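Novice: Quick one: the structure is below, questions incoming.
The values are calculated or read from the model by the stated rules, or taken from the named source; none is laboratory data. Just so it is clear, the model here is predicted, and its values are computed rather than measured. All Cβ positions, glycine included, derive from the backbone under ideal geometry; neighbour counts span all protein chains shown. Remember, those area values only see protein heavy atoms, side chains included, never the ligands or the DNA or RNA. Shrake-Rupley method; radii C 1.70, N 1.55, O 1.52, S 1.80 Å.
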Amino acid sequence: MKYYSTNQKAPSASLEEAVVKGLASDRGLYMPEQIEQLPSSFFEEIDKLSFQEISYRVADAFFGEDVPAEILKEIVYDTLSFDTPLVPVSDHIYSLELFHGPTLAFKDVGARFMARLLSYFIRKEGKKQVNVLVATSGDTGSAVANGFLGVEGIHVYVLYPKGKVSEIQEKQFTTLGQNITALEIDGNFDNCQALVKGAFMDKELNERLTLTSANSINVARFLPQAFYYFYGYAQLKKAGKADDHIVVCVPSGNFGNITAALFGKGMGLPISRFIAANNRNDIFYQYLKTGEYKPRPSITTVANAMDVGDPSNFARIIDLYQHSHSKIVNDISGATYTDDEICETVHNTWQQYQYLLDPHGACAYRALCEGLRPNETGFFIETAHPAKFLQTIETIIGEKIKIPTRLQSFMAGTKQSIPLSSEFADFKDFLLKETR
Ligand SMILES: *Cc1c(COP(=O)(O)O)cnc(C)c1O
């Protein structure tokens, strides 16, 4: 399969080139040239298949031409070493819990898949050291760092905004050592993302180093996020709900997660419509309303992994819909919530249904409650475990919550990070010195 750039000014790339480069040379995002329609027989028997079996089928549609079957199967099965159960919360609303992986956030799926696929390409080509750059608003850093930890031939640099991620999130990528370096940037998430993008565009850096990105701009991280939408549907079918109109609601920041779901729909997944839930960083919500895309600096909220002021996967969404605002609003609606509304939703859902939401899932749950029509059933993506936002959640519900053992072991480690300004020159200097 070939991958083209959303900016249409770079040559198309093989899977390997797209994965190793991350971003196309014209700054566009890679898109697969085809989206394969899966046969109706697959959807008829989907409720009888395991998460791994379903995911392999989806992975094969994108990567089957470029990765030998037994290797692709091993990558998929290895990546999905945990379940993503669909849990009923309230009338006609289910939670697809994606926080049962090693770092307790949905990004484990894409990050683990990408680490395995990239290391396959490195082994195959006998490539020298590959440097993975990743900007994080909280959860990407930990998922990527843990996914790549100890993988030979790869060094990971995690860029995160100083003082803007939760203590637990920070511990998950600053305590690992080995091939993981944490860079504490004096700025916000958008500054971190700009530094990473700047590095890919810098001629000297690219001549000296092999750089790639593990943000959702990378197709190897982004496309596997389609897997669990199929599995969510399979579980709804098992519950006898497949004949309802199905609505999927995704708490969105950089829009990689929801874009993967849109690809799923393109492959025939019977979802009737989508809701993108935002916090106060509602650039996409405003786009839906006005047809104008106006990026602006992100503001800090309790749902910090969605504090994104210029969502990078917007480029993929408009490409997928041929730049047609009317086609986009036909499939996707939006919602936006203040911190007070998010906290109120966590509180009320706990009181009423004994279901504990995290701040991101809370946006999505509320959007479904407010947006679901009578003949519809919905599921939302619970993107992180509430214990990752311990203080926020305990303050809201006024109770102590249980911290999963996986999280406790991260918290015991010692933070190691390197402070840097948000100036590109400083970052470049650092990279050149580090890798000399
Ligand atoms: C990254 C993240 C999001 C946003 O996902 P995007 O793919 O960037 O839209 C939402 N919730 C949590 C917990 C996250 O870590």
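Novice: Reachable lysines from LYS128, Cα under 26 Å, same-chain residues fewer than 8 places away excluded?
Specialist: LYS2, LYS21, LYS73, LYS197, LYS203, LYS428, LYS433
Novice: If you don't mind, there's one more thing I want to ask. If I take all pairs of Cα atoms in the range 218-299, what percentage of them are more than 15 Å from each other?
Specialist: 62 percent
Novice: Right, another one. Please report the antiparallel percentage of the DSSP beta bridges confined to the range 61-211, to the nearest 5.
Specialist: Here the share of antiparallel DSSP bridges comes out near 20 percent.
Novice: Moving to a separate point now. Counting only DSSP beta bridges with both residues in the chain, tell me the antiparallel percent, nearest 5.
Specialist: If we restrict to bridges inside the chain, about 20 percent are antiparallel.
Novice: Moving on to the next point. Which residue, GLN129, GLN235, GLN408, tops the fluctuation ranking in a GNM of the chain built on C-alpha contacts under 10 Å?
Specialist: Among GLN129, GLN235, GLN408, the largest GNM mean-square fluctuation belongs to GLN408.
Novice: Would you mind working out the accessible area per residue for the range 1-132, using a 1.4 Å probe, and quoting it in Å²?
Specialist: For the range 1-132, the solvent-accessible area averages 41 Å² per residue.
Novice: Related question: Rounded to the nearest 500 deg cm²/dmol, what is the calculated helix-only ellipticity per residue at 222 nm for the chain, with -39500 (n - 2.57) per DSSP H run of length n ≥ 4?
Specialist: Theoretical 222 nm ellipticity from helices: -13000 deg cm²/dmol.
Novice: Whole number in Å², please: accessible area per residue of the range 373-436, 1.4 Å probe, ligands, DNA and RNA not counted.
Specialist: 56 Å²
Novice: Using all alpha carbons of the range 150-261, what is the percent of pairwise distances in each 10 Å bin, ordered from the shortest bin to the longest?
Specialist: In order of increasing distance, the bins hold 11, 30, 33, 16, 9, 1 percent.
Novice: Top mean-square fluctuation among GLY153, GLY240, GLY371, Gaussian network model of the chain, C-alpha springs under 10 Å?
Specialist: GLY240
Novice: With +1 on each Lys and Arg Cβ and -1 on each Asp and Glu Cβ, how big is the dipole of the range 52-194 about its Cα centre, in debye rounded to the nearest 20?
Specialist: The calculation lands at about 440 debye.
Novice: Cα atoms only: what Rg and Dmax, in Å, come out for the range 13-61?
Specialist: 14.9, 44
Novice: Using the heavy atoms of the protein chains and a 1.4 angstrom probe, tell me the accessible area per residue for the range 254-359 in square angstrom.
Specialist: Ligands and nucleic acids excluded, the figure is 37 Å² per residue.
Novice: Between LYS237, LYS73, LYS400, where does the largest GNM mean-square fluctuation fall for the chain, given springs only between Cα atoms within less than 10 Å?
Specialist: Of LYS237, LYS73, LYS400, the most mobile in the Gaussian network model is LYS400.
Novice: Grab the alpha carbons of the chain, take their convex hull, and tell me the volume per residue in Å³.
Specialist: In the chain, the Cα convex hull volume per residue is 130 Å³.
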